[in-house]
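K.L.:
Take a look at this one; I'll ask things after.
The values are calculated or read from the model by the stated rules, or taken from the named source; none is laboratory data. This structure is a prediction, so every number in the text was calculated from the model and none was measured. We place every Cβ from the backbone using ideal geometry, glycine too, and count neighbours over all the protein chains shown.
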Amino acid sequence: MKDFGFIRVTAAMPRVHVANPAANVREIVSLCEQAASEQSSVIVFPELCVTGYTCADLFGQNSLLNNAEQAVADILAQTARIEAMIVVGTPVRYAGRLYNCAVAIRAGKILGVVPKSYMAGNNEFYEPRWFAPAHVIPGGSARISYAGQDDILLGVRQLFRIGPALAAIEICQDLWVPIPPCSEAAIAGAQLILNLSASNDYLFKHEYRKRLVETTSSRLYAAYVYCSCAEGESTTDLVWAGSSLICENGTVLAEAERFARGSRMITADVDVERLDTLRAKEHSFGLDTPVPAYIVQDGGKAASTDFEASLLRTIEPHPFVPQGNPDELDLRCREILSAQVAGLTTRLEHIRCKKAVIGVSGGLDSTLALLVTALAFDTLGIERTGIIGVTMPGFGTTHRTHDNSVDLMRELGTTVKEISIVPAVRQHFSDIGQDESKHDLTYENSQARERTQLLMDIAGKEGGIVIGTGDLSELALGWCTYNGDHMSMYGVNASVPKTLVRTLVRWAADNKFDATGNIHRTLLDIVDTPISPELLPADADGKIAQKTEDTVGPYELHDFFLYHFFRSGAGQDKILFLARKAFKGSYDDETLNKWLNNFMRRFYQQQFKRSCLPDGPKVGSVSLSPRGDWRMPSDLE
């Protein structure tokens with residue numbers, strides 16, 4: 001079975017029996033068996049789960065400590081056949097001091113023991129009463145005998161190799177300090193941070209803790225498994241909710257139900273390959289940061305997890321468009337449109353330009369570009385009549401798109417020009433010997449280049465700049481005519497994918513312009529119009545005959561392919577695997593394979609068009625600008 005760079009991790013929260021290690025063993029082993037049945041490779045338990053966190057002065061009793069050590073030996077014996085690496089919390093005594101430790105075990109063997117670095121010493125906890133911090137261990141680490149095994153490393157600077165992942169361990173308070181141990185561990189290579197915690201709950205603490213885990217995973221380009229204790233700990237003064245989280249690079253993959261009763265767990269699949277790619281791309285990650293040496297403990301292969309059968313994470317089919325959260329979608333659209341407007345206003349101010357020329361086709365891309373230009377002129381206090389909108393009907397222009405383009409320009413208050421390109425293109429066909437009845441690439445490209453020539457010449461005559469309308473999806477596929485619609489003086493849509501263009505136009509219709517007037521109706525009709533360059537004649541009913549997605553494939557697929565190719569560095573087999581999960585029930589394997597092959601072929605072949613792109617604002621994490629985000633030779637094999 002192929003892992004596609006994933007590893008399955010579990011945060012397990014047993015019902016705690018305070019000061020009863022034997023009972024805790026039963027809870028822990030039961031959860032280990034359950035997680036193993038779900039093919040998990042890493043199983044993390046809470047802080048001091050072997051004894052219970054709230055034993056207080058009982059930690060000074062030899063009977064509890066001896067029973068805890070025996071309990072760890074019992075866990076080793078009873079989980080010897082489980083493939084996963086298991087991490088449990090227990091007190092460990094060494095050289096006259098007691099340490100709050102995490103014990104990492106695999107197949108009946110202790111891999112290493114990691115002590116807590118920072119003791120909680122506030123009004124709620126006073127751990128220094130019982131435990132010593134890791135730094136007091138002479139030399140920083142020691143070799144100990146524990147739970148019937150010898151020569152075990154006790155120390156903080158340990159990493160644990162399990163399958164494709166390298167894991168580091170820290171304990172509760174370690175995360176809350178200004179420079180947590182996980183920072184150095186991540187720079188040393190750990191993609192998984194495992195935190196054994198006993199974090200109590202009170203009003204608003206959960207929200208802060210959740211943000212802390214999310215931002216830490218984002219800052220470190222890591223997955224963070226935060227496992228906190230739940231039911232059973234003493235409630236003499238505090239309550240415990242089992243606030244466990246699994247986050248990856250700032251995104252919550254799994255979250256435990258708080259205040260639930262009984263033993264339980266949460267499980268998620270972490271994309272280790274993606275984390276490595278993001279780190280490699282972020283050149284400031286670990287830049288010039290000296291990191292002391294870590295000892296890597298080999299935990300062996302990951303569990304035999306069948307990710308094809310069941311992937312425990314959501315693969316969003318439309319990664320550029322937030323789903324299910326109207327507030328997030330509203331924020332995303334507002335931010336992107338603001339960034340586009342800011343880019344254009346800065347350019348217009350810098351060159352002291354008060355006129356803009358834009359080809360308006362009645363399609364999505366030119367509509368978004370026109371809306372951005374109108375808002376930019378509003379921001380600068382320039383009359384919209386300085387926007388020269390040009391509709392240029394050709395051989396394939398339909399009444400629907402023509403009328404929408406003219407109506408939109410009039411409703412926005414721009415200057416409207418209409419120039420048919422048919423006579424000029426026919427003259428051009430005559431000049432180069434092109435048969436007008438031959439609807440080939442020359443037939444189509446001649447129209448696109450004639451339109452661009454008109455726009456450029458009008459801009460020169462009026463003292464304005466040509467606003468580009470092409471979007472990110474078209475650039476990825478090379479679906480533009482070189483030196484035709486490919487060229488402009490500032491491309492406001494250059495980093496906006498097609499799936500997002502439609503969303504932005506609809507959002508602008510509802511939020512930036514009259515939501516009840518004619519302009520709103522026009523914009524919504526444009527949103528519902530099939531995507532087409534309209535370079536081939538209309539059908540017998542005068543409707544669009546040339547539909548782009550019939551030729552290059554569905555844009556929702558291409559945007560999905562582009563996102564995972566660019567952001568995660570995913571190979572073709574992994575992209576196909578993810579697409580199967582995301583579009584299950586919508587596209588069969590044959591269709592996904594067909595359009596993924598087409599995407600890959602076009603992406604690699606069409607770099608020469610991206611190598612000479614005009615300027616345009618980067619508004620998202622994916623951009624193909626040859627000056628920054630994507631540099632690739634045009635003639636690679």
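K.L.:
Quick one: would you say T267 is of a type outside the set (D, E, K, R) and in a loop (DSSP other than H, G, I, E, B)?
P.N.:
No; evaluated as a whole, the condition is false for this residue.
K.L.:
Would you mind stating whether I458 is in a helix (DSSP H, G or I) and at pLDDT below 95?
P.N.:
Here the answer is no, as I458 does not meet what is asked.
K.L.:
Exactly one condition in (1) modelled with pLDDT of 95 or more; (2) in contact with a strand residue (DSSP E or B) (Cβ under 8 Å, 6 or more places away or on another chain) is not met by G108; state its number.
P.N.:
(2)
K.L.:
With respect to G413, determine if the residue is surrounded by fewer than 17 Cβ atoms within 10 Å (Cβ to Cβ) and in contact (Cβ under 8 Å) with a residue 24 or more places away in the chain.
P.N.:
Criteria met by G413.
K.L.:
Here's a follow-up. Among the residues of region 127-136, is any farther than 29 Å from A230 by Cβ and without any contact (Cβ under 8 Å) to a residue 60 or more places away in the chain?
P.N.:
Among the residues of region 127-136, at least one is farther than 29 Å from A230 by Cβ and without any contact (Cβ under 8 Å) to a residue 60 or more places away in the chain, which makes the answer yes.
K.L.:
OK, next. Condition first: among the small types (G, A, S), surrounded by 19 or more Cβ atoms within 10 Å (Cβ to Cβ) and in a strand (DSSP E or B). Can you find one or more residues in region 145-158 that meet it?
P.N.:
So far as region 145-158 goes, yes, one or more of its residues are among the small types (G, A, S), surrounded by 19 or more Cβ atoms within 10 Å (Cβ to Cβ) and in a strand (DSSP E or B).
K.L.:
Spot the failing condition for N493; the list is (1) surrounded by 24 or more Cβ atoms within 10 Å (Cβ to Cβ); (2) in a helix (DSSP H, G or I); (3) modelled with pLDDT of 95 or more, and only one is missed.
P.N.:
Of everything listed in (1) surrounded by 24 or more Cβ atoms within 10 Å (Cβ to Cβ); (2) in a helix (DSSP H, G or I); (3) modelled with pLDDT of 95 or more, N493 misses just condition (2).
K.L.:
Identify all residues within region 532-589 that are touching a residue at least 24 places away in the same chain (Cβ under 8 Å), in a helix (DSSP H, G or I), over 22 Å from A280 (Cα atoms) and of a type in the set (S, T, Y); write none if there are none.
P.N.:
Once the filter is applied, which keeps residues that are touching a residue at least 24 places away in the same chain (Cβ under 8 Å), in a helix (DSSP H, G or I), over 22 Å from A280 (Cα atoms) and of a type in the set (S, T, Y), region 532-589 yields T548, Y555.
K.L.:
Run down A303, A293 and say which single residue is among the aliphatic types (A, V, I, L, M), in the same structural domain as P181 (by TED's automatic domain parsing), over 30 Å from S405 (Cβ atoms) and over 25 Å from the mean Cα position of the chain (by Cα).
P.N.:
Being among the aliphatic types (A, V, I, L, M), in the same structural domain as P181 (by TED's automatic domain parsing), over 30 Å from S405 (Cβ atoms) and over 25 Å from the mean Cα position of the chain (by Cα) holds for just one of A303, A293, which is A293.
K.L.:
Give P91, P133 a once-over and let me know the one that is farther than 24 Å from V270 by Cβ and either touching a Cys at 6+ places or on another chain (Cβ under 8 Å) or crowded, with 24+ Cβ neighbours inside 10 Å (or both).
P.N.:
P91
K.L.:
Now a separate question. Tell me whether region 347-356 contains one or more residues that are surrounded by 16 or more Cβ atoms within 10 Å (Cβ to Cβ) and either at pLDDT below 95 or among the β-branched types (V, I, T) (or both).
P.N.:
No, region 347-356 has no match at all.
K.L.:
Would you be able to tell me the number of residues in region 234-246 that are touching a helix residue (DSSP H, G or I) at 6+ places or on another chain (Cβ under 6 Å) and over 18 Å from Q173 (Cα atoms)?
P.N.:
1
K.L.:
Is there a residue being buried (at least 19 other Cβ atoms within 10 Å of the Cβ), of a type in the set (K, R), under 17 Å from the mean Cα position of the chain (by Cα) and assigned by TED's automatic domain parsing to the domain that holds L31 anywhere in region 262-276?
P.N.:
Taking every residue of region 262-276 in turn, at least one turns out to be buried (at least 19 other Cβ atoms within 10 Å of the Cβ), of a type in the set (K, R), under 17 Å from the mean Cα position of the chain (by Cα) and assigned by TED's automatic domain parsing to the domain that holds L31.
K.L.:
Just the residues that are assigned to a helix (DSSP H, G or I) and either surrounded by fewer than 21 Cβ atoms within 10 Å (Cβ to Cβ) or touching a residue at least 60 places away in the same chain (Cβ under 8 Å) (or both), please, taken from region 166-182.
P.N.:
C172, W176, P181
K.L.:
Counting just the residues of region 285-316 that are charged (D, E, K, R) and within 30 Å of V113 (Cβ to Cβ), which one comes out surrounded by the most Cβ atoms within 10 Å (Cβ to Cβ)?
P.N.:
Here the answer is K301.
K.L.:
Which of the strands (runs of 3 or more DSSP E) contained wholly in region 48-141 include at least 1 residues that are closer than 19 Å to A12 by Cβ and small (G, A, S)?
P.N.:
Hits in region 48-141: 85-94, 97-106.
K.L.:
Now for a separate question. Filter region 437-474 for residues that are surrounded by fewer than 20 Cβ atoms within 10 Å (Cβ to Cβ), of a type in the set (S, T, N, Q) and over 38 Å from the mean Cα position of the chain (by Cα); which is farthest from L371 (Cα to Cα)?
P.N.:
Step by step, filter region 437-474, then rank; the result is S437.
Yes or no, residue by residue, for (1) surrounded by 19 or more Cβ atoms within 10 Å (Cβ to Cβ); (2) in contact with a Phe, Trp or Tyr (Cβ under 9 Å, 6 or more places away or on another chain):
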residue	(1), (2)
E38	no, no
V44	yes, yes
E47	yes, yes
G52	yes, no
A56	no, yes
F59	yes, yes
A68	yes, no
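K.L.:
Take L311 and decide whether it is in a helix (DSSP H, G or I) and within 19 Å of V252 (Cα to Cα).
P.N.:
no
K.L.:
Something else about it: Could you tell me whether Q447 is within 25 Å of V496 (Cα to Cα), at pLDDT below 95 and in a helix (DSSP H, G or I)?
P.N.:
Criteria met by Q447.
K.L.:
I've got another one for you. Given the residues D407, D431, D485, D403, which is the only one that is under 37 Å from the mean Cα position of the chain (by Cα) and either assigned to a helix (DSSP H, G or I) or of a type in the set (D, E, K, R) (or both)?
P.N.:
The conditions single out D485.
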